[in-house]
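Asker: Here it is, the structure in full.
The values are calculated or read from the model by the stated rules, or taken from the named source; none is laboratory data. Keep in mind that this is a model prediction, so the values were computed, not measured. Note: ideal-geometry Cβ built from the backbone for every residue, glycine included; neighbour counts use all protein chains shown. These area figures cover heavy atoms from the full protein model, side chains too; ligands, DNA and RNA do not enter into them. Shrake-Rupley method; radii C 1.70, N 1.55, O 1.52, S 1.80 Å.
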Amino acid sequence: MVYFLQQVVNGLQLGFVYALIALGYTMVYGIVRLINFAHGDVFMVGAFVGFFAIAVLGWGLVPAVVLAMLLCTVLGVSIERIAYRPLRRAPKIAALITAIGVSLFLEYFTSLKFVFGPDYRSFPRPIEVVNFEIGGVLLSNIQIIIIGVSILLLIVLQYIVQRTKLGLAMRAVSFDHDTARLMGVDVDFTISATFALGSMLAGAGGVLYAIAYPQINPFMGILPGLKAFVAAVLGGIGIIPGALLGALIMGQAETLTSGYVSTTLRDAVAFAILIIVLMVRPSGLLGKRGTEKV
Amino acid sequence: MKRLFVFWLLIAGVMATILPACGQLGGSSNLKLGFVGPMTGDVKTFGESTKNGFDLAVSEWQAKGVKIDTVYADDKNDPTESSNAVTKLINQDKVNIIIGSVSSKCTIPDAAIANSSKVVLISPTSTNPKVTVGDDGKVIDYAFRACFIDPFQGTVMAKFAHDNLKAKTAAVLYDNSNDYTKGLAQFFKDSFTKLGGEVSVFESYGKDDTDFSAVLTKVAAANPDFLFIPDYYNKVNLIAKQAREKGVKAIMGGGDGWDSSDLDTTATEGGYFSNHYSPQDTRPEVVEWVKKYKAKYGSEPDALATLAYDATNLAITAAQEAKSNDPTKIKDALAAIKDFKGVSGNLTFDQNHNPVKSAAIIQIKNGKQQFVTTVNP
Amino acid sequence: MKRKDILQVLAITAAVFVVLQALIAFQILNPYYELVIEYICVFIIYALGLNLIYGFTGQFSLGHAAFYGIGAYTAAMLTKFVLPDSWLSFPVALLTAGIAAGVVSFLIGVPILRLGSDYLGIATLGFGIIVKVMFDNADSVIPAMGGARGLAGVPRLTTFAWAFILMAAVVVAVRNLVYSSHGRALLAVREDEIAANTMGINPFRYKMLAFVTGGFLAGIAGGLYAHLYAFVHPSMFDFLKSIDVLMVVVLGGLGSMSGTIIASVGWIILLEGLRSVLPAEILDWRMVIYPVVLILMMLLRPKGLMGDVELSFLKPGRVEPSASAGASPSLGKGGEQSASIEA
């Protein structure tokens, strides 16, 4: 029983980390129907910024996270402006390929020596790891911080989306760009704001992830990005609580498979779950069944 | 059908302009060395280290007056790219000897291509036996390597864990997409079991995994005496750290992948690993080498750079002994090499073109690498 | 096409083949060039398969490399272990590879093709990853497959002749498919599934047709690939490889076969050319230039190189013997032109 609970806790940590990335994916998809492949790499940049802040500038955890969030916001918005906006009227696939291009560019450019360099760097932890034992189950302060911060950010996000004018605009634009424009919504600004929010979360996620798994390298964003995207789809893409739910499920699926079956099958199981969910309930677990207009 | 003509013409034109853009025509009488390695991609640092070793060796010979030309090729750690690169090196650049590649998955096809074109290939770091021995069990004439093979290291560590550390149970974690770690893990398991030990956990993870909490919880529950992590230092850092956090009390160990100044010595404190050499080795070759490398590149040489240095020196020495740039003569000279005083040890090639040399066991003690003992094959 | 045109095309293609084959046989084109040319032929077959699935039928598949891999492993295992040493073995292996890949496409297509475009992409992506994980661990089930150690010692049976002739055959076959009523059905499905359905075209059936054919072609290409590099390793068929071939298809222009062919040639030459052109110190810029080129292409010409235009020698001639010679019906996206019926 203890073993099971321990694995569940492990799964929660993983799940919340995926959630931070998944939120960005789901928001961007909701508003511009684009799978932003570069999102995982914005996350990577966040981790590196955090590294720079903590290791070089000697800052603490909170200022490092804030800096990462700021710089990633700038990055995310710039990407949107330069690479995605010109393609808004073009076939969707063009934007997708561009997103892949941006992702590759970020990875390979940052691995050039004069930028971040290709090395795996050890991420310095600004706080000591403290383990709490509750009924035989180990819980570390890092895990608590990650879970806490994720929940906090999620609440803030939900508030913004549901209770503010910006959020209203975001929801309107995700329904229909042109009608929103007719209603006086500045669509370009709203889209940029969405990217900003998503990238902000990715930046924070990057720093937190690097604290949990203290090693960074320019290619670190690929796999978590992919899995987070799968999580977003699982929960219902475009739906914010869905991203969290999907991420948590992915986290549990992975850890429980590793813990009880075999680590080898971990990824396969995660994606198999995805395929099954898509077959049974394509709009995702929390998704609404869309009616197709003819 | 003008369009069709134009179509083919365009294609031919494009090919004609770009492809020969570099092609140095062979014909110079200098010894030509080709270097192929992952200079971009996920193991870029390995490519850099090996290139450094290669460059240092070449420049030393050139300073002695030997005329050597070099050509570099990047293979992104991808077998197809590596095959393309090597084919180009052989046919376009007309090299006599190829040093490379780093990963066995690239070197295996490379060696086959070099062999069929009768060009010598020495891999500094590829440990899969299949690089020098074909499926038919016969040695691949033109392929050599400068490092141990997987079976050797896995066995060495198993023996050490069982005999010296008196471990009765062991857990093994390996990367299932990396033949190096897989090979070491498998051979460790086989040897350890044969010696009477029990491998209680034998689990794999993926190349890009960073979260090991699930599998480490499993290991902690099994509470083994020894935890074998035969991966590269970057993965080891992550795993070792998380292992301690999850309450794993076992002594940790690994292979030459641990060798790096970036190894997290706090997390791996008390652990052991097998290596080709130790920077603390007081052998004059080692001291000299560390000094040279530091002067040129500003950091301590890792095993990859050292092996590349040895591999390049082996190649050029053989060419000198054969008094010829002809790869066929060079390969014969190489196969005949005995007791070559390399930095990574005294090298003699066995009949499978693998070097017979001893391994050093290093312990991480008080945050530093400490040489413990030598194990002979 | 009129008979005269067909003969002309055949003659020119045959001439090209003979010239290239001679150049290779007499070593004027060294083995490096030969390798690149053969790789281009193999890649064209592979990419045309994906173009059929995505360009012509609009099914966004992000896991095409999985079928490539299934074909490669099947063919390699057959020639290495099962088939005897006769000249027939290679085509048999290739055919089996194609069929194996086709069967898998069929099995996976049945549940997945019902999904909408983006979801299909994710599902195929997931499928691709599952297949790659299976390849990595294949050696626990069939040790000979090698798993992460790779499968070496595959006989190098792919010659220029095989590669070129198969490529030409595939181009002809795909062209015939595309310009038939089945091909028009595929396009209809791409443009508007519901309208197509109303017109009596079963979208599912045609999606499956495209998907299975594309998989079959990828399987054959995979078999050729395995016998070109004599080595098969799971990392040759990962997610990034699926993206590579998707990019080539998009860059060439969705729905344009000639676009796919030109883009395949251009892409491989670009990558190999950059390898030669860049000096050693900045070799790692190769992988930075490549995505920049990609992004620029998308920004400047999102429809891809050829858009949906086809080079005329691939298009069928007009059926009516009319005065407006050369105005062949294009398969473009509902654009301005249409096949006008001359009185």
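Asker: Quick one: what Rg and Dmax do you get for the stretch C:39-239 from the alpha carbons, in Å?
Answerer: Rg and Dmax of the stretch C:39-239, Cα atoms, are 16.9, 53 Å.
Asker: Using only the alpha-carbon atoms, how far is helix B:179-194 inclined from the longest principal axis of chain B? Give it as 0 to 90 degrees, nearest 10.
Answerer: On a 0 to 90 degree scale, this one is about 40.
Asker: Using a basic spin-label model with each label point 7 Å from the Cα along Cα→Cβ, how many nm lie between residue B:295 and residue B:348?
Answerer: 3.3 nm
Asker: Is the shape of the stretch A:13-224 rounded, prolate or oblate, going by the alpha carbon gyration tensor and its root eigenvalues a ≥ b ≥ c, with a/c under 1.5 for rounded and a/b larger than b/c for prolate?
Answerer: Working: a/c = 2.27, a/b = 1.44, b/c = 1.58.
Since a/c reaches 1.5 but b/c is at least a/b, the shape of the stretch A:13-224 is classed as oblate.
Asker: Just tell me how shielded A:137-149 is by partners: mean number of partner chain Cβ atoms within 10 Å of each residue's Cβ, no decimals.
Answerer: Average neighbour count from other chains, rounded to a whole number: 1.
Asker: Continuing with the same structure: Note down the Stokes-Einstein diffusion coefficient of the stretch C:72-123 in µm²/s, whole number, using a Kirkwood radius over alpha carbon pairs, 25 °C, and 0.890 mPa s.
Answerer: Working: Rh = 12.6 Å.
The calculation lands on 194 µm²/s.
Asker: Count charges around residue A:110 for me, please; just the other residues with Cβ under 15 Å from its Cβ, Lys/Arg as +1, Asp/Glu as -1.
Answerer: Net local charge, residue A:110 excluded: -2.
Asker: Straight-line reach only, C-alpha to C-alpha below 20 angstrom: list the aspartates and glutamates that residue C:303 could link to, leaving out same-chain residues fewer than 8 apart.
Answerer: Once the sequence-local aspartates and glutamates are set aside, what remains near residue C:303 is A:80, C:118, C:191, C:192, C:244, C:336.
Asker: Can you give the charge dipole size of chain B about its Cα centre, rounded to the nearest 20 debye, using +1 on the beta carbon of Lys and Arg and -1 on the beta carbon of Asp and Glu?
Answerer: 420 debye
Asker: Most mobile of B:118, B:323, B:182 per a Gaussian network model of chain B (Cα springs, under 10 Å)?
Answerer: In the Gaussian network model the winner is B:323.
Asker: Before we go on, tell me the buried accessible area for the A/B pair, both chains summed, 1.4 Å probe, in Å² to the nearest 100.
Answerer: Using a 1.4 Å probe, the pair buries roughly 2700 Å².
Asker: What whole-number value in Å² describes the accessible area per residue of the protein assembly as shown for a 1.4 Å probe?
Answerer: 37 Å²
Asker: Return the subset of A:113/B:67; B:32/B:291; B:189/B:218 for which the Cα-Cα distance in this structure is over 20 Å, preserving the input order. Write down the numbers at each step before the final one.
Answerer: Details: A:113/B:67 30 Å; B:32/B:291 27 Å; B:189/B:218 18 Å.
As for pairs spanning more than 20 Å Cα to Cα, those are A:113/B:67; B:32/B:291.
Asker: Still on this structure: Using every pair of alpha-carbon atoms in the stretch A:209-275, split the distances into 10 Å bins beginning at 0 and state the percent of pairs per bin, rounded to integers.
Answerer: Here the calculated profile for the stretch A:209-275 is 21, 45, 32, 1.
Asker: Report P(r) for chain B: all Cα-Cα distances, bin width 20 Å, range 0 to the bin holding the largest distance, values in whole percent.
Answerer: 29, 53, 16, 2, 0
Asker: For a Förster distance of 35 Å, can you work out the FRET efficiency between the beta-carbons of residue B:373 and residue B:116, rounded to the nearest 0.05?
Answerer: For R0 = 35 Å, the calculated efficiency reads 0.25.
Asker: Could you work out how far the C-alpha centroid of the stretch B:236-304 sits from that of the stretch B:158-172, in angstrom?
Answerer: If we compute the Cα centre of each part, the gap is 20 Å.
Asker: Another question about this same structure. Summarise the partner chain shielding of C:132-139 as one whole number: the mean count of Cβ atoms from other chains within 10 Å of each residue's Cβ.
Answerer: Mean shielding count: 5.
Asker: Please find, in a Gaussian network model of chain C (springs between Cα atoms separated by less than 10 Å), the residue of C:218, C:101, C:11 whose mean-square fluctuation is greatest.
Answerer: C:11
Asker: Taking the Cα-to-Cβ direction at residue A:33 and at residue A:176 and moving 7 Å from each Cα, how far apart do the two end points lie in nm?
Answerer: 1.4 nm
Asker: How big is the Cα convex hull of the stretch C:1-147 in projection, averaged over all directions, in nm²?
Answerer: 12.1 nm²
Asker: 7 Å from Cα along Cα→Cβ at both residue C:23 and residue A:66: what's the point-to-point distance in nm?
Answerer: 6.4 nm
Asker: Give, as a single signed number, the net charge of other residues whose beta carbon lies under 14 Å from the beta carbon of residue B:153, with Lys and Arg counted +1 and Asp and Glu -1.
Answerer: Counting the neighbours of residue B:153, the net charge comes to -1.
Asker: Would you kindly calculate the translational diffusion coefficient of the stretch B:151-275, applying Stokes-Einstein with the Kirkwood radius from alpha carbon pairs, for 25 °C and a viscosity of 0.890 mPa s, and quote it in µm² s⁻¹ without decimals?
Answerer: Here the translational diffusion coefficient equals 178 µm²/s.
Asker: Go through the stretch B:213-308 and name the trypsin sites (Lys or Arg not before Pro) that are in a DSSP coil and have 15 or fewer other Cβ atoms within 10 Å of their Cβ.
Answerer: Of the trypsin sites (Lys or Arg not before Pro), the ones in loops of the stretch B:213-308 whose Cβ has at most 15 other Cβ atoms within 10 Å are B:249.
Asker: Chain pair C, A: how much accessible area is buried, both chains summed, with a 1.4 Å probe, in Å² to 100?
Answerer: 3500 Å²
Asker: In addition: From largest to smallest, what semi-axes in whole angstrom does the stretch B:71-202 give when each is the square root of 5 times an eigenvalue of its alpha carbon gyration tensor?
Answerer: Three semi-axes, in Å: 35, 14, 11.
Asker: Further question on the same structure: The protein assembly as shown: D in µm²/s via Stokes-Einstein (Kirkwood Rh, Cα pairs, 37 °C, 0.692 mPa s)?
Answerer: Answer from the Stokes-Einstein relation: 110 µm²/s.
Asker: If you line up the long axis of helix B:104-116 against the longest principal axis of chain B, both from Cα atoms, how many degrees apart are they, to the nearest 10?
Answerer: 40 degrees
Asker: Now for a separate question. Rounded, prolate or oblate: which fits the stretch A:21-137, taking a ≥ b ≥ c as square roots of the Cα gyration tensor eigenvalues, rounded meaning a/c under 1.5, else prolate when a/b beats b/c? Don't skip to the answer; put the middle values down first.
Answerer: Numbers: a/c = 2.42, a/b = 1.67, b/c = 1.45.
In terms of gyration-tensor shape, prolate.
Asker: Using only Cα atoms, find the angle between the long axis of helix B:303-322 and the longest principal axis of chain B, and express it within 0 to 90 degrees, rounded to the nearest 10.
Answerer: 40 degrees
Asker: Label the stretch A:164-294 by shape, choosing from rounded, prolate and oblate, from the square roots a ≥ b ≥ c of the eigenvalues of the Cα gyration tensor; if a/c is under 1.5 it is rounded, and otherwise prolate applies when a/b is larger than b/c, oblate when it is not.
Answerer: Oblate, since a/c reaches 1.5 and b/c is not below a/b.
Asker: Right, something else. Out of the total accessible area of chain A (probe 1.4 Å, heavy atoms of protein only), what percent is carbon and sulfur?
Answerer: Here carbon and sulfur together make up 69 percent of the probe-accessible area.
Asker: Compute from the Cα atoms of chain C the Rg and the Dmax, the latter being the longest Cα-Cα distance, and quote both in angstrom.
Answerer: Using the Cα atoms of chain C, the pair Rg, Dmax is 20.5, 69 Å.
Asker: Could you please report the charge total around residue C:226, scoring K, R as +1 and D, E as -1 over all other residues with beta-carbon less than 11 angstrom from its beta-carbon? Don't skip to the answer; put the middle values down first.
Answerer: Numbers: positive: C:80, C:156; negative: none.
That works out to +2.
Asker: To the nearest whole percent, what portion of all C-alpha pairs in the stretch C:139-183 is separated by more than 12 angstrom?
Answerer: Numbers: 713 of 990 pairs.
The share of Cα pairs beyond 12 Å in the stretch C:139-183 comes to 72 percent.
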